[in-house]
Amino acid sequence: MKKTVIIIIALLAFNFSNAQQLEALIGEALTNSPEIQKFELQYQITSEKVNEVNTVPNTEFGVGYFVSEPETRTGAQKAKVSIKQMLPWFGSITARENYVSSLADAKYEDITIAKRKLVASVSQSYYNLYIIKAKQDVLIENIELLNTYEILALTSVEAGKASAVDVLRLQMRQNELEQLKEVLEHNYLSEKTLFNNLLNRDKLTVITIANELIIPSEDILITSENLELHPELTKYDKLYQSIEESELLNQKGSSPMIGFGMDYIFVEKRPDMNFSDNGKDIFMPMVTLTVPIFNKKYNSQTKQNELRQKEITAQKQDRFNKLETLLDKALNNRISARISFETQIKNIKQAKDAEEILIKSYETGTIDFNDVLDIQELQLKFQINQIESVKNYYIQTTIINYLSK
């Protein structure tokens, strides 16, 4: 699992240092997660049941006292001690052990699935924190830009080239951006709590986030064939195998049981008589055989097992179809994110060019502050869209890695 995590992180981060940082956080989450510990304990409990089933039926002891003493030739019977041990048919205990072991194997897949989900959750929360932080940086940049325009507007008002309304519009726009920045601060705190809870640590723990994430130039080719070994699907294989073991156990259950035992009867000597066997105790070895003549129960269990196997086959195919749909959707969404990212780069460049034109216009005394606000709004929109494209790219990559690694 650790090796898989390293591969996943190497694909998700844009450089080695960020990969190491996120890998360390995921390692901490996997170590501390109470959910993982829960599944590991469930697996240990199921595995321990192997020792539980490796037993034979209880040994039966019996003691009896004859209230009305039967008389025999050798004397009156006083009391009886008996012991009996039933043994399952050959291979029955091994069949039980194999069945429980197969259940433990299926339960182990729950651990693998939970780890994958935790890796995905931690990664997604990390990228959400990065996106919030990146948006805050963009808002601060735009607020500073509006401050510069406000100074230009105040200068223009003094020179009679602009009205006080232009200044007020700029200030109102600044207020809006300040509001958005404050909202993002609270969003960051909420996401920070979620992230720290995923790592099972104090919610106020400081989190170090990457300064920049970029979209790689190329993506590794992923196909639906990568789904074949996904633990959500291999779990169905393990469940199918457990039903096969259950049927073998059912067949052993329909076999006879053999028992061994003995009765020991205490005999009292007959008075006033003298012969060789007078008062000789009785020892009687016994062999018992239980035969399930009415085996309708076992035939029904066989039919149920056949139906369960068909059910699991159908469930696996249904889950495969859903996972394949999710994978295909994530792959196409990641392509869309790349397209959007590249488009926003062009738009931001053009918005910067328009901004430079406005600045040159100010030098000639012809600046229009309505255009200033329009360009600033467009620039902010493109920057936010670019950040959302990065977010979407990495979120979809996280989904792809969950499904294909």
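Output yes when any residue across segment 320-334 is closer than 30 Å to SER255 by Cβ and hydroxyl-bearing (Ser, Thr, Tyr), and no when none is. So far as segment 320-334 goes, no, none of its residues is closer than 30 Å to SER255 by Cβ and hydroxyl-bearing (Ser, Thr, Tyr).
Output the residue which, of all residues in segment 34-87 that are of a type in the set (Gly, Ala, Ser) and farther than 28 Å from LEU118 by Cβ, is surrounded by the fewest Cβ atoms within 10 Å (Cβ to Cβ). My answer is SER68.
Scanning segment 137-168 for residues that are surrounded by fewer than 14 Cβ atoms within 10 Å (Cβ to Cβ) and small (Gly, Ala, Ser) returns ALA159, GLY160, SER163, ALA164. For segment 363-388, residues that are closer than 18 Å to ASN142 by Cβ and not hydrophobic (A, V, I, L, M, F, W, C) total 11.
Take the conditions at pLDDT 90 or above, of a type in the set (Val, Ile, Thr), over 25 Å from GLY62 (Cβ atoms) and surrounded by fewer than 19 Cβ atoms within 10 Å (Cβ to Cβ) and apply them to ILE113. Does it pass? Answer is yes for this residue. Return the total of residues in segment 199-229 being among the acidic types (Asp, Glu) and closer than 20 Å to GLN124 by Cα. Total meeting the criteria: 3. Restrict the check to segment 8-15 and report whether at least one residue is exposed (fewer than 13 other Cβ atoms within 10 Å of the Cβ) and either assigned to a helix (DSSP H, G or I) or at pLDDT 85 or above (or both). No, segment 8-15 contains no residue that is exposed (fewer than 13 other Cβ atoms within 10 Å of the Cβ) and either assigned to a helix (DSSP H, G or I) or at pLDDT 85 or above (or both).
Just one of the listed residues (TYR188, TYR127, TYR149) is aromatic (Phe, Trp, Tyr) and closer than 17 Å to VAL390 by Cα, and it is TYR127.
Scoring GLN171 on the criteria (1) closer than 30 Å to ILE359 by Cα; (2) surrounded by fewer than 18 Cβ atoms within 10 Å (Cβ to Cβ); (3) out of contact with any helix residue (DSSP H, G or I) (no Cβ under 7 Å at 6 or more places or on another chain); (4) among the polar types (S, T, N, Q) leaves a single failure, condition (3). The lone criterion from (1) outside any helix (DSSP H, G or I); (2) within 30 Å of SER82 (Cβ to Cβ) left unmet by ASN274 is number (2).
Look at PHE266 and say whether it is under 19 Å from SER68 (Cα atoms) and surrounded by 12 or more Cβ atoms within 10 Å (Cβ to Cβ).
Yes; evaluated as a whole, the condition is true for this residue.
If only residues of segment 201-234 that are hydroxyl-bearing (Ser, Thr, Tyr) and part of a loop (DSSP other than H, G, I, E, B) are counted, the one that is nearest to PHE341 (Cα to Cα) is SER217. Exactly one residue out of ASP318, ASP328 is over 30 Å from SER242 (Cα atoms) and part of a helix (DSSP H, G or I), and it is ASP328. Among all residues of segment 203-211, there is at least one that is of a type in the set (S, T, N, Q) and touching a residue at least 40 places away in the same chain (Cβ under 8 Å).
Of the residues making up segment 87-136, those that are acidic (Asp, Glu) and touching a residue at least 60 places away in the same chain (Cβ under 8 Å) are ASP105, GLU109, ASP110. When GLY160 is tested against (1) of a type outside the set (Phe, Trp, Tyr); (2) outside any helix (DSSP H, G or I); (3) at pLDDT 95 or above, exactly one condition is not met: (3). Please determine whether any residue of segment 226-237 is closer than 19 Å to GLU71 by Cβ and of a type outside the set (S, T, N, Q). No, every residue in segment 226-237 fails to be closer than 19 Å to GLU71 by Cβ and of a type outside the set (S, T, N, Q). Within segment 373-405, track down each residue that is modelled with pLDDT of 85 or more and either outside any helix (DSSP H, G or I) or among the hydrophobic types (A, V, I, L, M, F, W, C) (or both). Answer for segment 373-405, where residues must be modelled with pLDDT of 85 or more and either outside any helix (DSSP H, G or I) or among the hydrophobic types (A, V, I, L, M, F, W, C) (or both): LEU373, ILE375, LEU378, LEU380, PHE382, ILE384, ILE387, VAL390, ILE395, ILE399, ILE400, LEU403. The residues of segment 143-168 that are over 60 Å from the mean Cα position of the chain (by Cα), over 12 Å from TYR362 (Cβ atoms) and among the small types (Gly, Ala, Ser), listed by number, are GLY160, SER163.
The values are calculated or read from the model by the stated rules, or taken from the named source; none is laboratory data. None of the values given here were measured: they were computed from a predicted structure. A quick note on method: Cβ atoms are made from the backbone with ideal geometry, for glycine too, and the neighbour counts reach across all protein chains shown.
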